[in-house]
Amino acid sequence: MANGSKLENNDNTNNISLEGKKIKKIKNKAADNPDQFWSECAKNLVWFKQWDKTVDWNPPFAKWFQGGKINAAHNCLDKHIESEIKNKAAIIWEGENGESTTLTYNQVYCKVNQLANALKKLGIKKGDRVTIYLPMIPELPISMLACARIGAIHSVVFSGFSSQSIADRANDSKSRIIITADGGYRRGKTIPLKDITDDAVKKSPHVEKVIVVRRTNKEIAMGEGDLWFEDIINQESNLCESEWMDSSDPLFILYTSGTTGKPKGVVHGTGGYLTHLYNSAKWVFNFVATDIFFCTADIGWVTGHSYVVYAPLMHGVTEIMYEGAPDFPDQGRYWDIVEKYGATILYTTPTALRAYMRHGDDIPNSFNLSTLRLLGTVGEPINPEVWLWYYNVIGKQNCPIVDTWWQTETGGIMVSMCSGIENIKMKPGSGTFSLPGIEIEIVGEGGEKVESGKKGYLTIKKPWPGMLLSLWNDDERYKKTYWEKAPNRYFAGDFAYVDKDGYIWILGRSDDILKVSGHRLGTIEIESAFVSHQSVAEAAVTSKNDEIKGETIIAFLVLKSGFVSSEQLNREMNEHIRNTIGPIAVAEKIYFVNKLPKTRSGKIMRRLLRSIVNKETIGDITTLEDEASVEEIIHEINQIKKYI
Ligand code: WT7
C-alpha cells in the first residue's frame, strides 16, 4: 500500500491506541503547553504586529492572539506576490457549460485590490457587512477577499437559497451592499440570481447598492442602485493597502441552521481562524507546491469558505473551482475534471460519492485518475461500503482517505487522519483521531465521560483557534446553544463513540438538525416555512434514511379548517418552500394528517415520527417522553401509519 496508509485488517489489537507515534508527540506538546503550541502555529502566518497574549479565555468567549494585527487577504495573496508563486495558477475555474479560465495569484491579487478600492469608494468601511450571493465563479472568492482586505465582514449566502433567505440574512447583518450575478448555471438551467436579489432588496431596507457580475449575458433589468462589477473595478487601481485588523476582528458571518426557526449567524474571527486553517490543512492534506487541490464544496457553505478560499490560497497551492452539478452533463463530471487538470487531492462529500457509486465502476475507470494522491470526505457520515468504493475504485488503493469531521462553528477540521504528519491504520467510517490541540470527549446526559464503545454527545474540552467568536448580535444564544448543555465544554450536537483503539466514530446529529445531501437544515426552520403558508395549521418535519442523500425531508401537515389536501396543494407547498428557504429544503414527501403526536406539554414528538417513517420499532412509547399522554399518542400514531 502506498503512502504508508493501512486499512484495518481486523487484527484485534486490544486496548492499544493506534494513533501514530509522531502525532502523539505533537499532541502531547499541545496538551502540555497549549499557549506555546498555538503560538508556534500562528507563526506560520504573516502578521503586521505580533500578539501579546495567545488566548484571552473569558468563558465562553475566546480572543485569540490578542494584540496581534493581521489581514486575511494579505495572507492569501500579498505574501505570494513577493515570491516565485506570483505567476502560479491560483484558481483553475471550470464553468458548468465547459468554459475554463485560469487565474494566477497575481491576477487574483489585482482584481481583489480593484474591487477593494471600488467598495471603499462606495463608502464601505472596516466592520461594515457585505452580502455576497454568487454562484461558484472566481468573482466569489475575489469578493470575499476584497471585503477582507478593507476589513468589511462578508456574509456569503448560498446561491441556491431563496430571496426570503437573502433578505433575512441581509437584514440580520444590516448589509449595505449585495454582490450578485446576472445568473448562474445549475444542471443546464439558468438561475435568475439578479431577479431573486431584486426581490430580496425590496425587503432589505439597509441595502444601498447591488453589484452585478456578468456571467450569463442574459438581458436583465438594472435599477438605480445597481452597478456592473466589471465597470466599477475597471476604473480602479490594482493597489490597495490591507487594513490592519485586530486578530479577533470578525472576518465573516456565515448563517447556518440551528434548532430554532431562525438561522444563526456564526461569526468567525481573523487570526485564530486563519491559524486553525493553515495548520489543519498542513496536517490533514499536507499541501505541497505541486498540488492541484479539488475541493468540490460550494463556497456558500463553510467547507468552501475554509478549504476553497482561505486554506489553499494561504498555502499557495493551485486549486480547481467547479461551478456546476456533479452529474452534469453526465455521471463522469468530477472524474473528467480530475483527469483534465491533474488533480492530486479530491475533497468531496459522501452524497456525491454515493450517487457516483450507483452508476458503477466503468465510468470512473474510463478516466485517468492516477494523479490523485489523497482523498477526503466531509459533511456527513460515510458508509463503510462507500468508503471502500472510494478507496478501491477512485484511489486504486493508492490514496489514503481523510474523513474529516467538523462544523460551521468549528471553523476548520477537528477530527481526521493527519496525512501530513503520518498515515495510520484507517477504519472505513471513522474519522480516526482529533487534530493536535483539539481535545474531544464523549459525554453522557449529565456531562460525565462515557466509557469506550458507548454512544454519547461529542464535546470539546478546550477552546481552539478556529472556534466561532459568537453568534451575530446574539451572545446569549451562543452561550445557550454551545456552552450550557455540558459543563465548561463546547457541545457539538453530534452523537459519537470512541472504540477500543481510541478511534472516533460520528453517529449523526443528536438534535433537530438534518443533513440532506450534506446540507444542513433545521427541522423547525422548515416547519416555520410550512406554517407560513395560509393553509397550514401545524407542521412536523422529520427525515427518512436515503441511500443517496443520507436523509430526506418528510413533512406532516395539519391543514386549517376549510382547506383540503390535494395534488395541487402539495405542489403549491413545494413551491412555497422553494420560495421561502430554497430548493434544498423541499420535502421528499408530504403527508396531510389530522393530528400530530405530541407530549402533554404540546411538544411534537419528532423522534417518534422519525421511527415511523423509517419503519423502525417504536417500542414502549411511555419511555419516549415522561410527560406523554400515551393513549392519545397511540391513536395519532395509528392515524399517521395509515398514510405511510
Ligand atoms: C455537521 C456540521 C464539516 C463542514 C461541512 C459541514 C456533520 C460533518 C462529518 C463527518 C460525520 C459529519 C456533523 C456536523 N458532519 N462532517 N466527516 N462525518 N458527520 O458543516 O453544515 O456546519 O454541518 O455535519 O453532523 O455536526 P455544517
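The values are calculated or read from the model by the stated rules, or taken from the named source; none is laboratory data. Here the structure is a predicted model, which is why all the values come from computation and not from measurement. Reconstructed Cβ throughout: ideal geometry from the backbone, glycine too, with neighbour counts over all protein chains shown.
Details
- Tally, over the range 492-504, of residues that are over 17 Å from the mean Cα position of the chain (by Cα) and buried (at least 20 other Cβ atoms within 10 Å of the Cβ): 5
- For the range 304-316, the set of residues classified as in a helix (DSSP H, G or I) and more than 16 Å from the ligand (Cβ to nearest atom) consists of 313, 314, 315, listed by residue number.
- Condition met for residue 217 (modelled with pLDDT of 95 or more, more than 27 Å from the chain's Cα centre (by Cα) and of a type in the set (S, T, N, Q)): no
- Residue in the range 379-409 that is nearest to residue 292 (Cα to Cα), counting only those that are among the polar types (S, T, N, Q) and not in a loop (DSSP other than H, G, I, E, B): 404
- Residue check for residue 575: closer than 30 Å to residue 191 by Cβ, acidic (Asp, Glu), assigned to a strand (DSSP E or B) and modelled with pLDDT of 95 or more: no
- From the list 409, 445, 451, 476, the one residue that fits, being over 22 Å from the mean Cα position of the chain (by Cα) and within 25 Å of residue 250 (Cβ to Cβ), is 476.
- Test: residue in the range 418-430 that is within 16 Å of the ligand (Cβ to nearest atom), out of contact with any Leu (no Cβ under 9 Å at 6 or more places or on another chain) and polar (S, T, N, Q): yes
- Qualifying residue in the range 403-416 (condition: within 13 Å of the ligand (Cβ to nearest atom), without any contact (Cβ under 8 Å) to a residue 60 or more places away in the chain and either in the same structural domain as residue 520 (by TED's automatic domain parsing) or farther than 18 Å from residue 461 by Cα (or both)): yes
- Qualifying positions in the range 487-533 - of a type in the set (S, T, N, Q) and within 15 Å of the ligand (Cβ to nearest atom): 510, 517, 523
- Some residue of the range 602-622 being outside any loop (DSSP other than H, G, I, E, B), modelled with pLDDT under 85 and over 22 Å from residue 513 (Cα atoms): yes
- Options 381, 436: the member that is away from the ligand (no atom under 16 Å from the Cβ), under 23 Å from the mean Cα position of the chain (by Cα) and surrounded by 19 or more Cβ atoms within 10 Å (Cβ to Cβ): 436
- Looking across the range 259-303, the residues that are within 30 Å of residue 49 (Cβ to Cβ), within 12 Å of the ligand (Cβ to nearest atom) and in a helix (DSSP H, G or I) come down to 280, 284, 302.
- Residue in the range 394-401 that is closer than 12 Å to residue 504 by Cβ, touching a residue at least 24 places away in the same chain (Cβ under 8 Å) and surrounded by fewer than 18 Cβ atoms within 10 Å (Cβ to Cβ) present: no
- Meets criteria (touching a residue at least 60 places away in the same chain (Cβ under 8 Å) and not aliphatic (A, V, I, L, M)) for residue 348: no
- Strands (runs of 3 or more DSSP E) within the range 110-208 that include 1 or more residues farther than 27 Å from residue 249 by Cβ: 177-181, 184-186, 189-191
- Within the range 580-617, the residues that satisfy the criterion of being surrounded by fewer than 16 Cβ atoms within 10 Å (Cβ to Cβ) and on the phi < 0 side of the Ramachandran plot are 583, 588, 589, 594, 595, 600, 601, 603, 607, 614, 616, 617.
- Lone qualifier among 275, 303 - being closer than 23 Å to residue 126 by Cβ and of a type in the set (Val, Ile, Thr): 275
- Taking the criterion of being over 25 Å from the mean Cα position of the chain (by Cα), hydrophobic (A, V, I, L, M, F, W, C) and surrounded by 24 or more Cβ atoms within 10 Å (Cβ to Cβ), the residues of the range 97-151 that qualify are 115, 116, 119.
- Tabulated pairs, the range 611-640, first assigned by TED's automatic domain parsing to the domain that holds residue 554, second modelled with pLDDT under 70, C-beta under 6 angstrom, 6+ apart or interchain: 630/622
- Which listed residue, of 445, 409, is at pLDDT below 95 and not small (Gly, Ala, Ser): 445
- Only one of the numbered conditions (1) more than 22 Å from residue 158 (Cα to Cα); (2) more than 14 Å from the ligand (Cβ to nearest atom) is not met by residue 324, and that is (1).
- Selected residue (criterion: surrounded by the most Cβ atoms within 10 Å (Cβ to Cβ)) from residues of the range 75-96 that are charged (D, E, K, R) and farther than 29 Å from residue 184 by Cα: 78
- For the range 248-258, filtered to residues that are out of contact with any Ser or Thr (no Cβ under 6 Å at 6 or more places or on another chain) and not in a strand (DSSP E or B), the residue that is farthest from residue 117 (Cα to Cα) is 258.
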